[in-house]
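Written below as structure tokens is the structure these notes are about.
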Amino acid sequence: MKSIEKWADRIYAENDFGRGIATSLSGAIGLIVYLVTDDWVIAAFSTIISFPIIRITSTRINEKVERKKKRNIDKENALHIYENLSDEEKEVINSYVSAGGSVLTWGQMNNQSVSSAAVESLIQREILWSSMTADGMRETFALDSNVFDIANEKCTANKSS
């Protein structure tokens, strides 16, 4: 009797989404098979065989849902940041969109007709930072990729309107 209590405690204390779903569904499958066939051996095998299949499937579905949820949160945060920027800061970000990427060299940035105060403001907000090119030869200004994506979407939407 004590082992059944330990087993039940372990099952109900479980935080693994896939295991929780698999335990419930495979238990239901075993019960249904038992009620239909009145054979506990077949019901037990049905439960045992269905558990890992359901666990793998439900874990993968849950991971996919969680990744999508995280991407949506990241996009929502970037949209919130973008919408709260000043017009001058948005001009700086739009210069990246016009250039076609989220990184500009210092030379390219110096050729932009944007406010240096806005550039510094974006640096202080940690939306823009200095970096190096992959070959290590030039310094660059890198823009937060999520903010760049939002600005790129808005620019594309404005062009198609």
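Structure above, values below:
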{"item": "Subset tally (residues that are polar (S, T, N, Q) and modelled with pLDDT of 90 or more) for segment 119-151", "result": "4"}
{"item": "Qualifying position, being farther than 15 Å from residue 143 by Cα, touching a helix residue (DSSP H, G or I) at 6+ places or on another chain (Cβ under 8 Å) and among the charged types (D, E, K, R), among 55, 67, 71", "result": "55"}
{"item": "Qualifying positions in segment 72-115 - in contact with a Phe, Trp or Tyr (Cβ under 9 Å, 6 or more places away or on another chain) and not assigned by TED's automatic domain parsing to the domain that holds residue 138", "result": "78"}
{"item": "Of all residues in segment 50-75 being within 17 Å of the chain's Cα centre (by Cα) and surrounded by 12 or more Cβ atoms within 10 Å (Cβ to Cβ), the one that is nearest to residue 27 (Cα to Cα)", "result": "59"}
{"item": "Residue list for segment 95-130, filter: touching a Ser or Thr at 6+ places or on another chain (Cβ under 8 Å) and exposed (fewer than 13 other Cβ atoms within 10 Å of the Cβ)", "result": "106, 130"}
{"item": "Number of positions in segment 131-161 that are closer than 18 Å to residue 76 by Cα and either exposed (fewer than 10 other Cβ atoms within 10 Å of the Cβ) or of a type in the set (A, V, I, L, M, F, W, C) (or both)", "result": "7"}
{"item": "Qualifying position, being in contact with a strand residue (DSSP E or B) (Cβ under 9 Å, 6 or more places away or on another chain) and touching a residue at least 12 places away in the same chain (Cβ under 8 Å), among 86, 50, 115, 130", "result": "130"}
{"item": "Search result, residues across segment 82-141 that are within 24 Å of the chain's Cα centre (by Cα) and among the β-branched types (Val, Ile, Thr)", "result": "93, 97, 103, 127"}
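The values are calculated or read from the model by the stated rules, or taken from the named source; none is laboratory data. These numbers were taken from a predicted model, which means no experiment stands behind them. Glycine also receives a Cβ, built like all others from the backbone with ideal geometry; neighbour counts cover every protein chain displayed.
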